[in-house]
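Here is the structure we will look at, set down as structure tokens.
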Amino acid sequence: MTAPARSRIRVAGIVQGVGFRPFVHALAAEFGLAGFVGNDETGVLIEAEGPPAALSGFVAALRERPPALAVVTGVDVRPLTAVGDAAFTIAPSTAHGPRTTLVSPDTATCADCLRELRDPADRRHRYPFTNCTNCGPRFTIVTGVPYDRAATTMAPFPMCTDCAREYADPADRRFHAQPVCCPACGPRLRWTGRGDTTADPIAAAAAALRAGSVVAVKGLGGYHVAALAADETAVGALRARKHREDKPFAVLVPDLAAAHALAEIDPVEEEALTSRRAPIVLLRRRPDAALASSVAPGNRYVGVLLPYTPLHHLLAGDVGAPVVLTSGNVSDEPIAYRDAAPLAPIADAVLDHDRAIHTRADDSVVRVERGQVLPIRRSRGFAPEPLALTTPVGRPVLGCGAELKSTFCLARGPLAFLSHHIGDLENAETLRSFTEGVAHYRRLFDVEPAVVAHDLHPEYLSTKYALELAGVDLVGVQHHHAHLASCLADNGEAGPVIGLACDGLGYGTDGVLWGGEVMEVSLTGFRRLAHLEEVALPGGTTAIRQPWRMAASWLRAAGIDGDDLPVARRNPGWATVGRLLDSRVGQPVTTSVGRLFDAVAALVGVRDTVNYEGQAAIELEQAADESAAGAATAAAAAGAAPNPRESVRIGRGDEAGAFRPTKRPVRSPPASSLRKRMSRSGPSNGYPARMSGGLLYGSDLISGVVTDLRAGVEVALIAARFHAGLAGLLTRAAVDACATTGLDTVALSGGVFQNVLLLRLLTADLDAAGLRVLTHSRVPPNDAGVSLGQVAVAAARDRS
Ligand SMILES: [Zn+2]
Ligand SMILES: [Zn+2]
């Protein structure tokens, strides 16, 4: 018989509050091992003793089949001398050493809890705060470490004897579930509205919603405001009071069947919708969907989410119809989370509760494209789960992010903690949310940043925050370098690759506002190979809010007198802007693809002025005839077949960072395979555009748009041809850049790639050209991903 062996095993990652110790206890029984398991501030500590083969099987199982909510980032095994333990026990928590355990994201109600919620015989029947080890609030209620009840906003709710028994029983689903509670001991709802205040608050709220009221509902990460989604008057009132003119609202449905009644849902979308992260999924809306037209004006998609807390399950079930559920705030303020007072001008009534929210978290938003999830907003249900970095950071790093869709990112070792969505850093309240968030994450994950990365834009509040920090090394990272680095990090790569950054506006190394860049890029640096033509932003930031100004600017670049066009007739300031463009005074220039989208949206009459960032581009995508775009893309690429003479001329060589251009032999298969494909494609109906001297001629696309416009071609087709023409132009740029550098991989990042029509057309073209394409699937392509990219760049430079 083999002598027993003993090991000390440390498991790191998200291993507390996820049922890890009962899991280890059961596993030890399965393998016939003695010893103990406990939590400490580094994670889970196990000492196990038994036959060596059983011990190694046990360790393998720890890695391979951890509990559903656990994320194991490391299993460290050290041999010990056997001591002859008789049994396997669960030890109490200790609290010393560095704080390196991880807090899991808030998790949607599990099937077991849902069953209890619906069972009239269960003591948690219709109890809106039901949770267990497999589900419930986590990140939003955690106030400190180590993660136990005292360090959550459940601290003021002592457990009753029934809950305490479940909490202490290793065989129970609620063993060591910190937020465990029941109607006898846990948080309570409060209904403040018209009608019977003694009635069931959820029934009262449901009745008010059905009667057309706007109701504020305190959820997991903040207050939402809700209205019956089919009720045009109620949704209109909600819009008017929230000062939110056009931005689409998300819709909460009671169950999957109700979601199918609103939208077409493919299997990947269904998986995202029903996942424990429970994000808003942007789905193709059914023409017969029973939704007020003001839910998502001008949009063929609708954001749908399923209930993710018992409260939402009960409310959606009682209403029995889709309900608009949007963050409780007034225009640009962050979501209200402490009390409902800021919502008094919006809501007729409030469904409130007495469990405090420590960290606000907005609903996450995803789209699905090419069979994978494309995150648009990564927040509730995702944060603060760390992203694993392929190469660990040396010294801890903080990335301060950009300005719009602000996030920050803290990294130590192999883990990057990308924050929840903070919002647009344009007011004091959001800035406070940002600085408090950084402090909270630093404590929670024990990261003391030595290196701080920031954007180059001197006016970003995130840049100013970084520059005021003392005792750290500062690293400025160009905005689009950070975007492309975030795409590399998203894919676990380091480059070099060819990067296409298509974006709104980002500060360039030459002071120009970039946003249409072709780069040879790695984590350490980049070389700008080509970019969209520079055009003026007439009136500076005013041009962002007034896309018709970009139409004037791009017409000028294309050498077209557009005074006869409808856009000129619609906008009284047209002549003034013309004179402004002539004067060349007071106008920054830009290479932004986002602003090119704005120009086209205004030219075709989709949108002259915007009420939120990116609105014109979003609506142009929605206006495009997708089937026509599919046909147009191959043709556009064909019409713009690369001139071999031009392809050697790209590259102005604006270098930044410690980047060494690749000196690999130039290979041409990508280009030739693209040409082969072009020769097979049909007649051209996407707009052809030239590329030469490192410039991508967006003005050619504008010429195409205007020609069609004057010929009376319908808007859907013009929008489609524009998308296809742009995809063709970008493909040519990528193929040329690959041919020049010998690279064969293209990374796509920047806010423009939230446009799935462009993404679909471009990736199809790049695939066909034989190029490998990297897109986003873990972090958003928009500015929310910039902080991760900054961290990746700063860490790579810190190492080199
Ligand atoms: Zn549960
Ligand atoms: Zn209880």
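The values are calculated or read from the model by the stated rules, or taken from the named source; none is laboratory data. As the structure is a computational prediction, the values presented were derived from the model and not from experiment. No Cβ is skipped: glycine too gets one built from the backbone with ideal geometry, and neighbour counts run over all protein chains shown. What goes into the accessible areas is simple: the full protein's heavy atoms, side chains included, and nothing from ligands, DNA or RNA. Shrake-Rupley method; radii C 1.70, N 1.55, O 1.52, S 1.80 Å.
Charge tally for T591 (other residues, Cβ to Cβ under 11 Å; Lys, Arg +1; Asp, Glu -1): -3.
List the GluC sites (Glu not before Pro) within segment 22-98 that DSSP assigns to loop and that have no more than 12 neighbouring Cβ atoms inside 10 Å.
Values: sites: E30, E41, E47, E49, E64; in loops: E41.
Those that pass, being in a loop and sparsely packed, number zero.
Just from its helices, what would the mean residue ellipticity at 222 nm be for the chain, if runs of 4 or more DSSP H residues each count -39500 (n - 2.57) and the sum is divided by every residue, rounded to the nearest 500 deg cm²/dmol?
Numbers: 25 runs with 271 residues, N = 800.
That comes out to -10000 deg cm²/dmol.
Determine the sum of side-chain charges near V793: Lys and Arg each +1, Asp and Glu each -1, restricted to other residues whose C-beta is under 12 angstrom from that of V793.
For residues surrounding V793, the net value is 0.
Once you sort the root eigenvalues of the Cα gyration tensor of segment 431-558 as a ≥ b ≥ c, which label holds: rounded (a/c under 1.5), prolate (a/b larger than b/c) or oblate (the other case)?
Taking the square roots of the gyration eigenvalues as a ≥ b ≥ c, segment 431-558 is oblate.
Just flag the GluC sites (Glu not before Pro) in segment 444-523 sitting in loop per DSSP whose Cβ has no more than 12 other Cβ atoms within 10 Å. The partial results should precede the final answer.
Details: sites: E459, E468, E493, E517, E520; in loops: E459, E468, E493.
For GluC sites (Glu not before Pro) across segment 444-523 that sit outside H, G, I, E and B with at most 12 neighbouring Cβ atoms in 10 Å, the list reads E459, E468.
About the Cα centre of segment 235-356, what is the dipole size in debye to 20, counting +1 per Lys and Arg Cβ and -1 per Asp and Glu Cβ, all else neutral?
Rounded to the nearest 20 debye, it is 240 debye.
Karplus-derived 3J(HN,Hα) values for segment 54-64, using 6.51 cos²θ - 1.76 cosθ + 1.60 with θ = phi - 60°, are 5, 4, 6, x, 4, 5, 4, 5, 4, 6, 8 Hz; glycine and proline are entered as x. Per-peptide packing, taken as the mean over residues of other Cβ atoms within 10 Å, places 259-268, 735-744 in the sequence 735-744, 259-268 from highest down.
Taken per residue, the accessible surface of the chain reaches 35 Å², heavy atoms only and a 1.4 Å probe. Working note: Karplus 6.51/-1.76/1.60 with θ = phi - 60° gives segment 200-205 the couplings 4, x, 5, 4, 5, 5 Hz, where Gly and Pro are set to x. Close amide H contacts of G74 (hydrogens built in the peptide plane, cut-off under 5 Å, sequence separation of 5 or more or a different chain): A12. Annotation: amide H-H contacts under 5 Å for L696 (H modelled 1.01 Å from N, sequence separation of 5 or more, or interchain): H531, L532, E533.
Projected label points at T89 and R194, each 7 Å from Cα along the beta carbon direction, are separated by 6.3 nanometres. May I ask you to derive the FRET efficiency for R10 and V268 from their Cβ-Cβ distance with R0 = 45 Å, giving the value to the nearest 0.05? Efficiency for this residue pair is about 0.80. The calculated pair-distance distribution of segment 40-147 uses every alpha carbon pair, bins of 10 angstrom beginning at 0, and gives 11, 30, 31, 20, 6, 0 percent.
With a simple spin-label model that places each label point 7 Å from the Cα along the Cα-to-Cβ direction, the separation between C160 and R210 comes to 2.9 nm.
At a Förster radius of 60 Å, what calculated FRET efficiency corresponds to the Cβ-Cβ distance of D561 and V472, to the nearest 0.05?
Values: r = 54 Å, r/R0 = 0.89.
Efficiency, rounded to the nearest 0.05: 0.65.
Show me the GluC sites (Glu not before Pro) within segment 148-247 that DSSP assigns to loop and that have at most 14 other Cβ atoms within 10 Å of their Cβ. The partial results should precede the final answer.
Details: sites: E166, E232, E245; in loops: E245.
When the GluC sites (Glu not before Pro) of segment 148-247 are filtered for loop state and at most 14 Cβ neighbours within 10 Å, E245 remain.
What does the charge count near V235 come to, summing +1 for each Lys or Arg and -1 for each Asp or Glu among other residues with Cβ under 15 Å from its Cβ?
Value of the local net charge: +2.
When peptides 145-151, 129-135, 110-116, 469-475 are ranked by their average number of other Cβ atoms within 10 Å per residue, the highest-first order is 129-135, 145-151, 110-116, 469-475. Around the amide H of A250, modelled in the peptide plane, lie the amide H atoms of L325, all under 5 Å away and 5 or more residues distant in sequence or on another chain.
Taking θ as phi - 60° and the Karplus parameters 6.51, -1.76 and 1.60, the scalar couplings of segment 309-323 work out to 10, x, 4, 5, 4, 5, 5, 4, x, 5, 5, x, 8, x, 10 Hz in sequence order, x denoting glycine and proline. Isolated cysteines in the chain, defined as those with no second cysteine Cβ under 4.7 Å, comprise C113, C132, C163, C181, C182, C400, C409, C487, C502, C738. For the pair segment 437-494 / segment 39-69, the C-alpha centres are spaced 35 Å from each other.
Could you tell me what percent of the DSSP beta bridges with both partners in the chain are antiparallel, to the nearest 5? Antiparallel bridges make up about 75 percent of those DSSP assigns within the chain. Distance between the C-alpha centres of segment 714-749 and segment 546-574: 25 Å, rounded to the whole angstrom. Net charge dipole, segment 510-606: roughly 280 debye, given to the nearest 20, about the Cα centre with Cβ charges of +1 for Lys and Arg and -1 for Asp and Glu. Here, the chain is characterised by an Rg to Rh ratio of 1.00, where Rg is the alpha-carbon radius of gyration and Rh the Kirkwood radius. For E426 and R338, the difference between the fully extended length at 0.36 nm per residue and the C-alpha to C-alpha distance is 29.6 nm.
Each peptide in 703-711, 276-284, 348-356, 550-558 gets a packing score, the mean of other Cβ atoms within 10 Å over its residues, and the list from highest to lowest is 550-558, 276-284, 348-356, 703-711.
Could you work out what % of the accessible surface of segment 474-594 is carbon and sulfur, using a 1.4 angstrom probe and leaving DNA, RNA and ligands out of the count?
Exposed carbon and sulfur together represent 51 percent of the surface.
Ordered from largest to smallest accessible area (heavy atoms of protein chains, 1.4 Å probe), the residues H25, H420 come out as H25, H420.
Treating the beta-carbon of each Lys and Arg as +1 and of each Asp and Glu as -1, no other charges, what is the dipole magnitude of segment 140-263 about its Cα centre, to the nearest 20 debye?
Values: 14 positive and 12 negative charges, 83 e Å.
Approximately 400 debye in magnitude.
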